[in-house]
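Working notes, structure below.
The values are calculated or read from the model by the stated rules, or taken from the named source; none is laboratory data. Keep in mind it's a predicted model, so treat the numbers as computed, not measured. All Cβ positions, glycine included, derive from the backbone under ideal geometry; neighbour counts span all protein chains shown. Calculation scope for accessible area: heavy atoms of the full protein, side chains included, ligands and nucleic acids excluded. Shrake-Rupley method; radii C 1.70, N 1.55, O 1.52, S 1.80 Å.
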Amino acid sequence: MTGMLSIAGDEMRQLRERRGENQTQFAEWLNAQLGRSYTKARISRWESGAERIPQQLVDFLTRHKADERPRAATYLAVANQKGGVGKTATAVNLAYALTEGGARVLLIDCDSQSNATVHVGIGNAAIVALEQQRKTLYYVLRSEEPLTSVIMPTAERGLDLAPAGLSLADADVELAADSTGGLILREKLDEVRHAYDFVVMDCAPNLGLVTANALSAAELVVVPVQTEALALLGVKRLVDTIGRIRRRVNPTLRIAGIIPTMYNDRLTQDRATLQELMESYADQVPVFEPIPRATVYGKAAAAGMITLAGDPKAPGAETFREVARQIRAYAQNRETGHVA
């Protein structure tokens, strides 16, 4: 009997790990599905074989295992080589919007400024400590450390983080000396492909080798563009870079859409830039409804919070949810073989 319980416990643990959940999160999922009040301690005893798994739960897990499809994460980069365009706010709020459908999402901070890391509540002192412990993205790119060694949970259900620190600034130069320096992240992501539904990479405001790593790994790119003068020059440069990466290393890479940001419809320049974006790109890629300039985004970032988590009806929230909806549709079409 002990052997049978151990096997059942192993199967439960494997199912939990495939869902990318810790024991507390797994208990919450079971409680929601079965109307029970299981705890982390019960899950631990069942997985270790110390306690018999109730037959009702065995039956449920057996049915779920039969219906279960392994995850195959969709990789998404949020990129613009120009800073100050709302790129990190776009990345973290889009990552959060993707979790609202029940998905498991990994947010990777690919910027040495650590903006995404701070934005989800990891303070500067904690980032310094993570650097000292070699638990940031730099050490994944520049050593044999697996990506899983730096992933940490956030306060938001379904959202994990691979943090960045100042050390990542050295990676662009160091990767240049490696003949495969632009492809390391793509290789490392294979470790987590089946643990997440979506991976969102917040790129640095440059086109260095860390950004090239993200674009070489990504299937989709979201481009936030501030509605200001000369904005289209930056978009053109990024589009040209994406074209080169498609030709050389990643033929499946495509632009998921352009998100106009910090928009004020009372300003003539903002309206003119939005019109120019539509005229230049709307027949090639989606140009989403603009995100209005709103203080709530800056306040949330300063507080280490995701705007949509604190204010689900924040200005521009529906744009993030529409982008998330289209990304989910892409992922579903890819799974069924309907992506061109």
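Starting from a Cα-only point model with no solvent, please compute log10 I(q)/I(0) by Debye for the range 225-309 at q = 0.19 1/Å. Results for the range 225-309 at q = 0.19 Å⁻¹ read -0.91.
Using only the Cα atoms of the range 9-67, build the gyration tensor, take square roots of its eigenvalues as a ≥ b ≥ c, and label the shape rounded, prolate or oblate: rounded if a/c is under 1.5, else prolate if a/b is larger than b/c, else oblate.
Numbers: a/c = 1.11, a/b = 1.08, b/c = 1.02.
Here the range 9-67 falls in the rounded category.
Judged by the ratio a/c of the largest to the smallest principal axis of the C-alpha gyration tensor, the range 61-193 counts as prolate, that ratio being 1.5 or greater while a/b is larger than b/c. What is the angle, in °, between the Cα long axis of helix 268-281 and the longest principal axis of the Cα atoms in the chain? Nearest 10 is fine, range 0 to 90. So the helix axis and the longest Cα principal axis differ by about 70 degrees.
Counting only Cβ charges, +1 for Lys and Arg and -1 for Asp and Glu, the dipole size of the range 9-67 around its Cα centre is about 100 debye. Taking all protein chains together, Met278, Met201 sort by accessible area into Met278, Met201, largest first [probe 1.4 Å]. For Val120, the solvent-accessible surface computed with a 1.4 Å probe is close to 20 Å², ligands and nucleic acids excluded. Taken about its Cα centre, the range 24-179 carries a charge dipole of roughly 680 debye when the Cβ of each Lys and Arg holds +1 and the Cβ of each Asp and Glu holds -1.
Largest to smallest in accessible area, the residues Tyr139, Tyr196 fall in the order Tyr139, Tyr196 (1.4 Å probe, all protein chains included). Across the cross-link table entries Lys82/Lys188; Lys82/Lys236; Lys87/Lys299, which are compared at the Cα atoms, the separations over 20 Å belong to Lys82/Lys188.
Suppose accessible area is computed on protein heavy atoms with a 1.4 Å probe; arrange Arg104, Arg334, Arg19, Arg266 from highest to lowest. Could the numbers behind the result be given before it?
Details: Arg104 15, Arg334 65, Arg19 40, Arg266 190 Å².
The most accessible residue leads, giving Arg266, Arg334, Arg19, Arg104.
Roughly what % of DSSP beta bridges within the chain run antiparallel, to the nearest 5? Antiparallel bridges make up about 5 percent of those DSSP assigns within the chain.
In the context of the full protein assembly, Lys82 retains an accessible surface of approximately 90 Å², using a probe radius of 1.4 Å and ignoring ligands and nucleic acids. Computed from phi, the 3J(HN,Hα) profile of the range 10-16 under the Karplus parametrisation 6.51, -1.76, 1.60 (θ = phi - 60°) reads 4, 5, 5, 4, 5, 5, 4 Hz, with x in place of Gly and Pro. For Gly182, no residue whose modelled amide H falls within less than 5 Å of its own remains once neighbours fewer than 5 places apart on the same chain are excluded. Per-residue Karplus couplings for the range 239-253, computed as 6.51 cos²θ - 1.76 cosθ + 1.60 with θ equal to phi - 60°, are listed in order as 4, 5, 5, 4, x, 5, 5, 4, 5, 9, 9, 9, x, 8, 5 Hz, Gly and Pro entered as x. Taking amide H atoms as placed 1.01 Å from N in the peptide plane, the amide H of Ile255 lies under 5 Å from those of Val221, each 5 or more residues away in sequence or on another chain. Multiplying each eigenvalue of the alpha-carbon gyration tensor of the chain by 5 and taking the square root yields semi-axes of 37, 22, 20 Å, largest first, rounded to whole angstroms.
About its Cα centre, how strong a charge dipole does the chain have in debye, to the nearest 20, once Lys and Arg get +1 and Asp and Glu get -1 at the Cβ? The partial results should precede the final answer.
Details: 39 positive and 40 negative charges, 93 e Å.
The calculated dipole for the chain is roughly 440 debye.
The HN-Hα couplings worked out from phi for the range 149-157 by the Karplus form 6.51 cos²θ - 1.76 cosθ + 1.60 (θ = phi - 60°) are 6, 10, 5, 9, x, 9, 6, 9, 4 Hz, whole numbers, x standing for Gly and Pro. Amide H contacts of Tyr263: Ile291, Arg293, each under 5 Å away and 5 or more positions distant or on a separate chain (H built 1.01 Å from N in the peptide plane; Pro and chain starts excluded).
In terms of overall dimensions, the C-alpha atoms belonging to the range 134-184 reach 39, 19, 16 Å along their principal axes, ordered largest to smallest.
Taking all protein chains as they are arranged and a probe of 1.4 Å, the heavy atoms of Asp283 leave approximately 130 Å² accessible to solvent.
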